[in-house]
Each structure stands twice: as C-alpha cells, then as structure tokens.
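Structure incoming, see below.
The values are calculated or read from the model by the stated rules, or taken from the named source; none is laboratory data. Since the structure is predicted, the reported quantities are computational estimates derived from the model, not experimental observations. Using ideal geometry, Cβ is built from the backbone for each residue, glycine included, and neighbour counts are taken over all protein chains shown. Protein only, heavy atoms only, side chains kept; ligands, DNA and RNA dropped before computing areas. Shrake-Rupley method; radii C 1.70, N 1.55, O 1.52, S 1.80 Å.
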Amino acid sequence: MNFQAVRSIYIFEMARFFRTLLQSFISPVISTSLYFVVFGAAIGSRIQEVEGVGYGAFIVPGLIMLSVMTQSTSNASFGIYFPKFIGTIYEHLSAPVNFLEITLGYVGAAVTKSLFIGLIILATAALFVDLQIQAPLAMLAFLVLTCISFSLLGFIIGIWASNFEQLQLIPLLVITPLVFLGGSFYSISMLPPLWQTITLFNPVVYLISGFRWSFFGLADVPIGISLLAIAGFTALCLGVIWWIFRTGWRLRT
Amino acid sequence: MAPIVSVQSLTKRYDSGFEALTDVSLDIREGEILALLGPNGAGKTTLISTICGITNPTSGRIEVGGHDTIEEFRAARSLIGLVPQEINLEPFEKVINSVRFSRGLFGQAPNDAYLDEVLARLSLTDKRDQKIVTLSGGMKRRVLIAKALSHEPRVLFLDEPTAGVDVELRRDMWDTVAELKASGVTIILTTHYIEEAEAIADRIAVINKGRILLVQDKEALMAEMGRKELRIELTEPVAEVPAALAEYDLERSEDGTALTYCYDTHAESTGITRLLTDLRGAGLHLRDLQTRQSSLEEIFVGLVTEPA
Ligand SMILES: Nc1ncnc2c1ncn2[C@@H]1O[C@H](COP(=O)(O)OP(=O)(O)OP(=O)(O)O)[C@@H](O)[C@H]1O
Ligand SMILES: [Mg+2]
C-alpha cells in the first residue's frame, strides 16, 4: 500500500479547498439561511408541525443531506476531472499507485470537504431553530456514509465526463431532483398513496429517512433498510471504480 | 550487465485501430543517454508512454530494472521519472507543492532538503514559492523536470525537453542532462534537433512509422556512416573524369567544373595527397578545395526517407 501517495493526493486536494476556504464557508451559510427564511418562515408559518416536530427543525436533516450530496458529488467529480482536463493525470497513471490509493486520496478529500460543509449547515441551522439530536452517533454515521457514497459517485462521474457539461449533468439532472423529491422538505406520509409507492423507488428517500430518524426518531422507512440502502450504494460505487481502474476505462488508451 | 530497460516485441494498437508501434525491441543500458530520433508521428511518445504505464501495450513485454511493468508495476514505476512532451501542470499550485506532490505520489517520504537541491540544480530556487501560472514556458519545463526527479528515479524519460526552448536554455538543459548522467541516472530523450543528439547522446535510436530502424553508438554511427567529401573546383570544365583518375571514383558535377572525392577519415591513408598529384598529372588546374563531413542529420534524413 502506497500511503505516501494517498497522503499526497489528499493534501494536494485539501490545499485547493483551503485556497477557497472563505467561499467554501460562506456559501453554505448563506444558502442555509435563505432556506430558513423561505421554507421555515414563509411556509413553516402555515405548516405548523410534521409528525410532532416543528417544520423548521423538520427540514434541517433534508437540508443538510441536499448540500452534502451535491457537494460530495461535485467535489469528487471535479477533483479527478481536473487532472484529466489539464493533462496532469499522466502522473497518476505513471506512478506506482493502484485504484484503491487514488480513490482513497480523492474521495477522502471530497468526504472531508462535504462533511465540513454539512457540519457548518448544522451549526447555522441551530441558530434558527431549536434542535435536539436523539442519536448523535447514528447521525454522524449517516452523514459520513452519505459523504462517502456520494463522493464515490462523483469520482465515477469525474472519470466518465469528457467535458464540463457532462460533469454538471448528473448532479443537476439526477441528484438535485431525487433529493427534492426524496422527502427533504416533507414527510412521505404527507403524499397521496400512489406517490408514496413511487417515491420508494427513489434511493435518496432511504438516506434522508435514516438521517432524519437519528434526529427525531421519525422515519418514513425502517432504519435497517436505510442502512442497507446506503451500504449497497457504496458497494456498487466501489465495484464500478474497481472495474474502471482494472480496464483503464476513460483513463488509459 | 542486464539492461535497465528492456522492451521486447512491443506492439501498440490504439483503439482507433492505428498501429503506432510494431514489434519494437530495445535495450537501454544503465547509465547511458539514449536519444530517440524520429519524425512527427513516428511513435516516440507512444513508446515512452507505454514503458511508463500511461498506455497499455497491445502485445510484448517491458521490464524496468528487471521488473515487469505490468505484473510488478510498483517496483518498475518507482524507478522511472517522466517529463512529458506537453507542459501539463496545475496552474494555481506553488512550484514546491507540485514537486512535493510528485514525490509523495511515487511513494517517497517527504524530504524538502532533497527537493530544494533539485530545484537549485534546475535554477528554480527563487521560484520555489511562486504559483506555476506565473512562470515562463522554459521555467515550467524545468518544473516538469523537477517533478520527474522528485522521487530520485534511476531512469529519466525526457520527451522533447528542449522543444520551444531558447538557445541558452537549451545549452543549460544539456548541462543538466550531463550532470544527471554523472550522478548515475539513465536518460532517454526524444528530440527533433539532431545536433542535440549529436551533442549529448551516447547512443542513437531511430524510429519511423512505429518501427525501430537503428540503434547504435553515436561515435560508431558517425564513423561508419560519416564520410568526408572533398570538392575540387576546376578552372576549366571537363567533359568527363580523365581515365587516369578512374581509381578515385570521382563524381563529376553537372557542368563539369567540379569533381567530388569521398574518403574515410578513419582510413590509414585518405589518398588526398596522391589525388592532388594525379590531378596535376592529368593536366587539371584547381581553383578551390572544400571539405565537408556528413552530419547525423543527413544520416537521419537518409534513413527515414528511404523507401520502405
Ligand atoms: N490516443 C491515440 N489514439 C490514436 N492514435 C494515436 C493516439 N496517440 C497517438 N496516436 C497516433 O500514433 C502515432 C504516433 O504518435 P506519437 O505521439 O507516439 O508520435 P511522436 O513520435 O511522439 O511524434 P511527435 O514528434 O510529433 O511528438 C501518430 O500517428 C498518432 O497520430
Ligand atoms: Mg511525441
């Protein structure tokens, strides 16, 4: 195992993050505050409570998930796409590293960044609403697992993409709608029965449900299924990445 | 001594179906400077990329330091430093960070003292903490070299290190290459400047259309193929070479005002003195004499333009 390589990639990626630290910090704070103004104050004044939880607090887990999923995907995809784009990927390809080390470096950095952003949003939200977290460890575990699995997905997108449009296509066309429709801002039980069934095909539902459970003890689907869903998703992404490096798909000619 | 790099029957066919390398075999000796010459599209970069692991070989076998580049890729690649033809660098990173990254990627523990030494050797000390985007093209190329040397490789591939580099910087580069060789690094470089190969290489390999045409010691190559010509200009044109001079195999110019004599500089006797005497004997008068040595360039052009 080439730990030095993992460390180098991680440090190099984090340096990019620190160069834009202020921006990385401010934008989630502002967008979270906006969500609270719009959803919490405007809509929340009409929807008093969802299953016994104040609406403002109810949307916090979904809000964090929304940012963490999009940030993980875009950070990881950009991280590996950029060397391809500017041509520095030759170094990774000629270095004594295998897929696991490259993935650990890039995905590790992307996970760190999105975890940081997730925690900032949590802290910002705590300024607006009264939050109590029933199972803090489970909350953290869900958060970290989500960061990991979506960073893995982003990593795959970054390798697959051959231009900037493709890089943004999946986050925009797939992830954002799935998150919005996945119960970030409402409980599945508020939907008509047909839509409840359709929604169960959205994998994001399981992640948000599990995450929300760790806050309020409320879940749309059983917590065990949520865990299985995220484990399965992570395994799937790892499998795809393993195959990519084995075949050199989109990397080696 | 076992070769440091050994390429055996390497064929590379790109996904497009184009065969960029055909049955290439090449042994590189430890400690030498090998110049790889060939016209655009000959397959130089493809050969280097395949040895370094950037492209997959279609068939054949490559060993570096005795390690197979696929089965023992870690051991093989650890020995190699690569300076690519294109200047590919992370623009907003500082020089030192970029070099540190390369060292780590190749599995070496951080060692800033060594990296500072490398930067100094490449006259980059004052650029150490500057962003790469602020450097000139020649300096960026040096950063690429610093990155390639960052993990103390035993074999260094330089793909057109002096393309687009001014004369002074080119001489500096040659000195750097000579120093590296002195420190025991084996160097393989590609170039389009034949005088560069002539100046610094120990051996020359010529590649064209994906095939190696020749691999030879530079000195031997020049001696073997480097013949000298003596051009004799006459005061009066001659209709044909006088029979008395037949043994010299003289070549008459179109208008008959000049005769050319070819000789081998390494032969015991060049025959020039005797020829001059015999010219006078044949009643010819000299106006001028010129000698010319064929260069590596002519040898090269002769090789790659020969009908296949
Ligand atoms: N990825 C690729 N896919 C298909 N063909 C390729 C690819 N890369 C290179 N080639 C082709 O392979 C041949 C050899 O290219 P290569 O870059 O090795 O040449 P070269 O000797 O380095 O040339 P130059 O002196 O211009 O750098 C060329 O005909 C080129 O078009
Ligand atoms: Mg080339």
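What about B:Gly137, is it of a type outside the set (S, T, N, Q), at positive phi and surrounded by fewer than 21 Cβ atoms within 10 Å (Cβ to Cβ)?
So B:Gly137 does not fit the description; no.
Please state which of the following conditions A:Pro193 fails to meet, knowing it meets all the rest: (1) touching a Ser or Thr at 6+ places or on another chain (Cβ under 7 Å); (2) under 22 Å from A:Glu49 (Cα atoms).
(1)
Kindly check whether there is at least one residue in the range A:30-47 that is surrounded by 23 or more Cβ atoms within 10 Å (Cβ to Cβ) and of a type in the set (D, E, K, R).
No - not one qualifying residue is present in the range A:30-47.
How many residues are within 11 Å of chain A (Cβ to nearest Cβ), open to solvent by less than 20 Å² (accessible area, probe 1.4 Å) and either of a type in the set (Gly, Ala, Ser) or within 16 Å of ligand 1 (Cβ to nearest atom) (or both) when one looks only at the range B:58-81?
Result for the range B:58-81: 2.
When the range B:147-180 is examined, which residues are found to be more than 21 Å from B:Phe106 (Cα to Cα) and of a type in the set (D, E, K, R)?
B:Glu160, B:Asp166, B:Glu168, B:Arg170, B:Arg171, B:Asp172, B:Asp175, B:Glu179
Can we say B:Thr55 is modelled with pLDDT under 95, within 13 Å of chain A (Cβ to nearest Cβ), within 16 Å of ligand 2 (Cβ to nearest atom) and surrounded by 15 or more Cβ atoms within 10 Å (Cβ to Cβ)?
Details: modelled with pLDDT under 95: yes; within 13 Å of chain A (Cβ to nearest Cβ): yes; within 16 Å of ligand 2 (Cβ to nearest atom): yes; surrounded by 15 or more Cβ atoms within 10 Å (Cβ to Cβ): yes.
Answer is yes for this residue.
Of everything in the range B:45-56 that's within 13 Å of ligand 1 (Cβ to nearest atom) and not hydroxyl-bearing (Ser, Thr, Tyr), which residue is farthest from B:Leu144 (Cα to Cα)?
Per the stated criteria, the residue is B:Asn56.
Let me ask something additional. Count, please, the residues in the range B:23-52 that happen to be of a type outside the set (S, T, N, Q), near ligand 2 (Cβ under 10 Å from one of its atoms) and open to solvent by 20 Å² or more (accessible area, probe 1.4 Å). Even if it seems obvious, please write down each step before you answer.
Step one: of the range B:23-52, the residues of a type outside the set (S, T, N, Q) are B:23-24, B:26-39, B:41-44, B:47-48, B:51-52.
Now narrow it down to the ones that are near ligand 2 (Cβ under 10 Å from one of its atoms): B:36, B:38, B:41-44, B:47-48.
Now drop any that are not open to solvent by 20 Å² or more (accessible area, probe 1.4 Å), which leaves B:41.
Residues flagged as of a type outside the set (S, T, N, Q), near ligand 2 (Cβ under 10 Å from one of its atoms) and open to solvent by 20 Å² or more (accessible area, probe 1.4 Å) within the range B:23-52 amount to 1.
Okay, moving on. Filter the range B:154-172 down to the residues that are open to solvent by less than 10 Å² (accessible area, probe 1.4 Å) and away from ligand 1 (no atom under 16 Å from the Cβ), then identify the one that is farthest from B:Glu298 (Cα to Cα).
For the range B:154-172, the residue satisfying everything is B:Val155.
Would you call B:Leu82 touching a Leu at 6+ places or on another chain (Cβ under 7 Å), of a type outside the set (Val, Ile, Thr) and in the same structural domain as B:Gly164 (by TED's automatic domain parsing)?
no
What residue, among those in the range B:188-214 that are within 15 Å of ligand 2 (Cβ to nearest atom) and β-branched (Val, Ile, Thr), is modelled with the lowest pLDDT?
B:Thr191
Tell me which residues, restricted to the range B:85-109, are away from ligand 1 (no atom under 16 Å from the Cβ) and more than 8 Å from chain A (Cβ to nearest Cβ).
B:Lys94, B:Val95, B:Ile96, B:Ser98, B:Val99 - these are the residues of the range B:85-109 that are away from ligand 1 (no atom under 16 Å from the Cβ) and more than 8 Å from chain A (Cβ to nearest Cβ).
Mind checking which helices (runs of 4 or more DSSP H) fall wholly inside the range A:1-114 and carry at least 1 residues that are farther than 24 Å from B:Val83 by Cβ and not aliphatic (A, V, I, L, M)?
Those helices (runs of 4 or more DSSP H) span A:3-19, A:21-35, A:55-86.
Show me the helices (runs of 4 or more DSSP H) entirely contained within the range A:135-233 in which 3 or more residues are buried (at least 17 other Cβ atoms within 10 Å of the Cβ).
In the range A:135-233, A:136-160, A:203-216 are the helices (runs of 4 or more DSSP H) which contain 3 or more residues that are buried (at least 17 other Cβ atoms within 10 Å of the Cβ).
Right, next: Which one of these is within 16 Å of ligand 2 (Cβ to nearest atom), within 22 Å of A:Ile11 (Cα to Cα) and surrounded by 17 or more Cβ atoms within 10 Å (Cβ to Cβ): B:Leu89, B:Leu105, B:Leu119, B:Leu144? Quick ask: steps written out before the conclusion?
Working: B:Leu89 fails: within 16 Å of ligand 2 (Cβ to nearest atom); B:Leu105 fails: within 16 Å of ligand 2 (Cβ to nearest atom); B:Leu119 fails: within 16 Å of ligand 2 (Cβ to nearest atom).
Result of the check over B:Leu89, B:Leu105, B:Leu119, B:Leu144: B:Leu144.
Which of the residues belonging to the range B:157-172 are within 16 Å of ligand 2 (Cβ to nearest atom) and not charged (D, E, K, R)?
Across the range B:157-172, the qualifying residues are B:Phe157, B:Leu158, B:Pro161, B:Thr162, B:Ala163, B:Gly164, B:Val165.
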